[in-house]
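The values are calculated or read from the model by the stated rules, or taken from the named source; none is laboratory data. Note that the structure is a prediction, hence the values are computed from the model and not measured. In this analysis, Cβ positions are derived from the backbone assuming ideal geometry, glycine residues included, and neighbour counts consider all displayed protein chains.
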Amino acid sequence: MRNNQPVTQREFEFADDATLMSTTDVDSHITYANAAFIQVSGFSPEEIEGQPHNVVRHPDMPKEAFADMWATLGRGEPWTALVKNRRKNGDHYWVRANAIPVMRNGQPKGYMSVRTKATRDEIAAAEALYRDFREGKAGSRRFHKGLILRTGALRVASVFQTMSVRARLVSTLCVLAPAVVGTGWAAGLSGGALAAFAGAAIGVTAAAGLWLDAQIVRPLRQLRDEALRVATGESRNGARMNRVDEIGMTLRTINQLGLMFRWLVDDVSEQVLNVQRASNEIAQGNNDLSARTEQASTSVQQTAASMAEMTATVSSNAETALQANQLSVSASEAAGRGGQAVNEVVATMTTSPRARARLPTSSP
């Protein structure tokens, strides 16, 4: 058995109205845990999902309790008992655990456990009992479907905890028949009269037994079977009973609970599918956004490259313009020097007599 350590022996208190619920697959790996279970266990959803359910098992729990639980669930029946669970940090909490197999087509698909807070008196009694089991002091006590029964010579003390309704009725009639015969004998009957009276009493008792079996035992078994189908998720159309007494109305109530349970499961399943579809759409949208973002990034990079080229071109054009301006200034300066030189030549020719003689004259 798994031994989770360390333990602090500090009890963790949680809300009185809290309901801790979890489901597992057939191998007892957690497939779902509600918020209350996660909060009380101290684990995160990521830490607990897919883990074996005994991740919360406390080493103070006797192995006999879990052996009884699996034997009961293996018969397709519900199991109820007090359980001490371990939190992630080593603290513990007590719950009244209600476990049941989830059936599909007659085969277990997984298991579901719903837990509520245990009372102080229940916890005190369970602590003492489980300590005795751990220390080998349980004696004739044993687990049976979550109950504690006596074995050996003390077994008679537990007989009414497990006796079926049919056995109770039959045993009652078996006690009544001799009592009726004894009453006849006490009234003075004897011989053939007493034998006839005894035969009649036995016949009436047998007829009463058959009638009670048909009117009480079999309807109660029908109630039990339908309630078990509802609890395990196997109920489809509900059982029918042509009576409206206490048993008949109880069956109607169970059928109604089954319909409500089925509606709830179908509605939750539909909501889960809607969430899955929405999640898929969001994921697809994220993929599209990622692709567009990548395209935009590529475009930005291309734009940046083009801007860099443009900047280089502008810089080159600016340099060319500067060079052209410098050449223009140089040409202007050269032209100025050329004009000055021409003026100097003209002045020289004007002041020289010989040069003036060569100059042409114009008529008035």
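At-a-glance table
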quantity: Residue within the range 87-105 that is touching a His at 6+ places or on another chain (Cβ under 7 Å) and either under 15 Å from residue 13 (Cα atoms) or in the same structural domain as residue 262 (by TED's automatic domain parsing) (or both) present; calculated: yes
quantity: Selection status of residue 240, surrounded by 10 or more Cβ atoms within 10 Å (Cβ to Cβ) and outside any helix (DSSP H, G or I); calculated: yes
quantity: Residue within the range 182-196 that is touching a helix residue (DSSP H, G or I) at 6+ places or on another chain (Cβ under 7 Å) and not hydrophobic (A, V, I, L, M, F, W, C) present; calculated: yes
quantity: Selection count where residues are more than 18 Å from residue 5 (Cβ to Cβ) and outside any helix (DSSP H, G or I), scope the range 41-58; calculated: 3
quantity: Unmet requirement for residue 114, which otherwise passes all of (1) buried (at least 20 other Cβ atoms within 10 Å of the Cβ); (2) under 23 Å from the mean Cα position of the chain (by Cα); (3) of a type in the set (Val, Ile, Thr); calculated: (1)
quantity: Residue selected from the range 186-205 under the condition of a type in the set (A, V, I, L, M, F, W, C), surrounded by 15 or more Cβ atoms within 10 Å (Cβ to Cβ) and not in a loop (DSSP other than H, G, I, E, B), by the criterion farthest from the chain's Cα centre (by Cα); calculated: 194
quantity: Single condition residue 40 does not satisfy, out of (1) touching a His at 6+ places or on another chain (Cβ under 6 Å); (2) crowded, with 17+ Cβ neighbours inside 10 Å; calculated: (1)
quantity: All positions within the range 31-44 that are of a type in the set (A, V, I, L, M) and in contact (Cβ under 8 Å) with a residue 24 or more places away in the chain; calculated: 40
quantity: The lone exception for residue 201 - which of (1) touching a residue at least 12 places away in the same chain (Cβ under 8 Å); (2) within 27 Å of residue 105 (Cβ to Cβ) it fails; calculated: (2)
quantity: Selection within the range 207-220 - free of Cβ contacts under 8 Å to residues at least 24 places away in the same chain and either under 30 Å from residue 105 (Cβ atoms) or exposed (fewer than 13 other Cβ atoms within 10 Å of the Cβ) (or both); calculated: 207, 210, 211, 214, 218
